[in-house]
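Below you'll find the structure, written out as structure tokens, and then a few comments.
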Amino acid sequence: MPNAIRSQKLLVAFLIACCIFVVGVWLTGSALSSPAPNQVGDLPGELTGRNVEFASKSGATLRGWFVPGKKGAGAVVLMHGLRASRLNMLGRTRFLAAAGYSVLCFDFRAHGESTGDEITFGYLESEDARAAIEFLRLTAPGERVGIIGISMGGAATLLATPPLTADAIVLEEVYATLSEALTNRLTEQLGGWASVLANLLVIQFKPRVGVSAEELRPIERVGKLTMPKLFIVGADDKYTTLEESVRLFDAAAEPKEFWAIAGAAHIDLHSFATQEYEQRVKLFFEKNLR
């Protein structure tokens, strides 16, 4: 009888542990996809522009800044990364505006000052990317349009269906598949065992968002974009590895360029290598937007 009681207690303890683990995984998913609001405020005084607001088919109202440039110089949309905002794009805004480009810098849904109740890692954000392109074409009519998409912003650019109608795209630190992105981040922070947790998070993506994580594969979309593309990656990036970035580049259609920045991890590449970054990006846009 004591053995039977002990077995029952062990079973109950096991079931309780399983329940706690399942709840923990769900709460982890909730934390990862929770909104990242941030009070951004007005455009800094040294930049001449205005606050803007436009609707997205993602259901969100997107807020941002528009800086007008020289007529015929081209226009660029800046698309920030996960849990960031347009504040993180100020450095790029400044050097592009100084070069004469019109610049639209906005917050994705559930980020910054835009509305939205959940981050979807590029899925619904792809509708925001489309809305931004459409808004810029109306606001700067006749200009050739470029994109700088960082991490999630680049994934949103690639996941848009049908493909976006930009004239040139810079893609920085963009994940090849969402499954890899989650696995890389969790294993880097928690160790190898976290790959199991990543798989469980992938499974819950569809009931949360309505689309399977396996459908969020920028590597399968990048070949459909025929405009010029510049891929910029950190050679020491552990979240979007160099090998992963090379596969994404190999899958891309021509014309395309690739720049791996030595010593850079998954960070703000403009801040890390400011002078060369600005030289390369300005040359790329001069060739393709002017």
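Any read-out appearing in this document is the output of simple, stated calculations on the displayed coordinates, not a laboratory observation. The model shown is predicted, which means the values in this text are computed figures rather than measured ones. Cβ: placed from backbone, ideal geometry, glycine included. Neighbour counts: every protein chain shown.
Put simply, the amide H of GLU257, placed in the peptide plane, has neighbours under 5 Å in LYS229, LEU230, PHE231, leaving out anything fewer than 5 places away on its chain. Each residue of the range 200-217 is assigned a 3J(HN,Hα), and the resulting list reads 5, 5, 4, 4, 7, 5, 5, x, 7, 10, x, 9, 6, 4, 5, 7, 9, 10 Hz, derived from the Karplus form 6.51 cos²θ - 1.76 cosθ + 1.60 (θ = phi - 60°), x at Gly and Pro. Within the shell defined by Cβ-Cβ distances under 10 Å, the residues around PRO162 carry a net charge of +2, with Lys and Arg each +1 and Asp and Glu each -1. Placing +1 on the Cβ of every Lys and Arg and -1 on the Cβ of every Asp and Glu, with no other charges, gives the range 153-290 a dipole of roughly 380 debye about its Cα centre. For ALA36, the amide hydrogen comes within under 5 Å of the amide hydrogens of HIS111, GLY112, counting only partners 5 or more places away or on other chains and with H modelled in the peptide plane. With the Cα gyration tensor of the range 206-246 giving a ≥ b ≥ c as the square roots of its eigenvalues, does the rule (a/c under 1.5 for rounded; else a/b larger than b/c for prolate; else oblate) give rounded, prolate or oblate? Because a/c hits 1.5 or more and a/b fails to exceed b/c, the range 206-246 counts as oblate.
Once C-alpha pairs closer than 8 Å and six or more residues apart are averaged by separation and normalised to the residue number of the range 137-178, the relative contact order reads 46 percent. Computed from backbone phi with θ = phi - 60° and the Karplus coefficients 6.51, -1.76 and 1.60, the 3J(HN,Hα) list for the range 270-283 is 5, 5, 6, 9, 4, 5, 5, 4, 5, 4, 5, 5, 5, 4 Hz; x is used for glycine and proline.
Checking [x] 39, 20, 16; [y] 39, 26, 20; [z] 27, 27, 17 against semi-axes √(5λ) of the Cα gyration tensor in Å calculated from these atoms, the matching label is [x].
Distance from the Cα centroid of the range 254-277 to that of the range 100-177 is 19 Å (rounded to whole angstrom).
Specify which residue in the list VAL40, THR61, ALA73 is farthest towards the positive end of the charge dipole of the range 31-112, using unit charges on the beta carbon of Lys, Arg (+1) and Asp, Glu (-1), about the Cα centre. Comparing the listed Cα positions along the dipole, ALA73 ranks first.
Amide H contacts for VAL103 (H built 1.01 Å from N in the peptide plane; partners 5 or more residues away or on another chain; cut-off under 5 Å): VAL67, GLY69, VAL76. Phi angles of the range 169-174 translate, via the Karplus equation with coefficients 6.51, -1.76, 1.60 and θ = phi - 60°, into HN-Hα couplings of 9, 9, 10, 10, 6, 8 Hz per residue; Gly and Pro are given as x.
To check you understand DSSP bridge types, tell me what percent of the beta bridges within the chain (both residues inside) are antiparallel, rounded to 5.
DSSP beta bridges in the chain are roughly 25 percent antiparallel.
The simple Förster model, with R0 at 25 Å and r as the Cβ-Cβ distance, assigns ALA36 and GLU257 a FRET efficiency of 0.20.
Each label point was placed 7 Å from the Cα along the Cα-to-Cβ direction; for ALA265 and THR187 their separation is 1.7 nm.
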